[in-house]
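Heads up: the structure comes next, in structure tokens.
The values are calculated or read from the model by the stated rules, or taken from the named source; none is laboratory data. Predicted model, so just to flag it, every value in this text is computed and none were measured. Here the Cβ positions follow ideal geometry from the backbone for every residue, glycine too, while neighbour counts run over all protein chains shown.
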Amino acid sequence: MTTVSVDEKVSKQIDPLNLDTDGDGYWDGWIGVHGVGYSDNVILYRENLQSGNGVSGADERVDEQVGVHVVHPEDPGAYLDNSPGSSVKRHSNVHLGELHWDSDPTDPNPEQLDEKTSLEIEVDWLTGHNPSQIRRGGETVLSSTKKNLALYGINVTFDESNSDSIEKSDLQDLVKGHERKLLFPGSTITVPVPIYVTPDSLNVKELSVIENEYHDDDSKLHLLYANEYGSDEPEYLPHDKFIPGNVIGLEGHTGSPGQVAALETTGRVPYGTVVFDNETSSFSEAKKLLMHELGHALSIGWLDDKGDGHIAECYSGSDCVKGSIAGVKLVGGGEDETPEEIGIGDIRWSIMTRGYRANEYSNNRLVYSLEELISIDTDDIPSTDD
């Protein structure tokens, strides 16, 4: 049974015939979909997501969630058409409402909402892996991602003004740990000897060292474009124990309360967003990877994760991660128990699916699903204030 609490004061003041009572560009309520009709469809859909068998059949699907619609130029959204003089602003058909952001839908206060829906990101890269060089037409992977997230009312700022282009030779001077060695042959006395970062591939321990050295502003999420992941010693526990060697990107956590709490028992989160640039071969793959990892930073997509507190990641429409973290067993394995259909014959269409399977729509858009978006927030951003 689903229980909903109602603020009587707010419910009496909002206009049931107006999606945006206070006219500030943000819809009333928690979440809505343009073009569906009555909001009952969305409420029923949300209950179906939690029923354990996913969303299937035309009577349960909300195919409109993948589309966009025209909005007022002062409302949240993005200009998708890059042609000169383009003036049509659009928003995803999915709207995260003021109640989702804990805002009063009768009080036009866009400044407060802008703060809750904004994310600043500090960008660093290993030399040769500058994301500004990943281009398609007139866009970089960063500018295209910023535009795509703006369709959901999320304002992302990639701060490259203080970016570091990190040389491998600089990394070789960073100490990642120590080992004990005999003072001299035959001696019984041992002394600590530094172990340096080996920059041809990077494990979590090395990424943590890079985070400490190069992340300048801890009020911002740290985004690092690196080369590739590699197993090495010493390890950062428990992370390096269950990360596969072919991993294409990493995020400090998935945003689920359970995983955040588990990581807090080990101390600080070792990194923010890490993209392993060697693992992508096209602009499309690079964008899908970045939006997937930033999705985790924004707590998108953890509702279908398994384990106590949703600790084990389940990829939308795909499989679930096994393993353990901070001594807590991940009840993983198996498949996503709440897949979402949109009538295209493949349930692996949204951004939070595995690998590069996410579908591209008109204007090279990538799409988060309703289930993924329900959990979005900016409260626990990895690598910030830690």
Out of curiosity, is S165 within 28 Å of G32 (Cα to Cα) and at pLDDT 95 or above?
-> no
Restricting the search to the stretch 292-326, which residues are touching a residue at least 40 places away in the same chain (Cβ under 8 Å), acidic (D, E) and not in a helix (DSSP H, G or I)?
-> D305, D308, E313
Sole miss for G334 among (1) surrounded by fewer than 16 Cβ atoms within 10 Å (Cβ to Cβ); (2) in contact with a His (Cβ under 9 Å, 6 or more places away or on another chain) is condition (2)
Residues satisfying the stated conditions in the stretch 338-347, i.e. surrounded by fewer than 17 Cβ atoms within 10 Å (Cβ to Cβ) and in contact (Cβ under 8 Å) with a residue 24 or more places away in the chain | G343, D346
From the options K168, K220, K205, K176, residue that is touching a helix residue (DSSP H, G or I) at 6+ places or on another chain (Cβ under 6 Å) and surrounded by 14 or more Cβ atoms within 10 Å (Cβ to Cβ) | K176
If you scan the stretch 243-255, which residues turn out to be at pLDDT 90 or above and of a type in the set (G, A, S)?
-> G249, G252, G255
Answer yes or no as to whether T190 is surrounded by fewer than 16 Cβ atoms within 10 Å (Cβ to Cβ) and either of a type in the set (V, I, T) or at pLDDT below 95 (or both).
-> yes
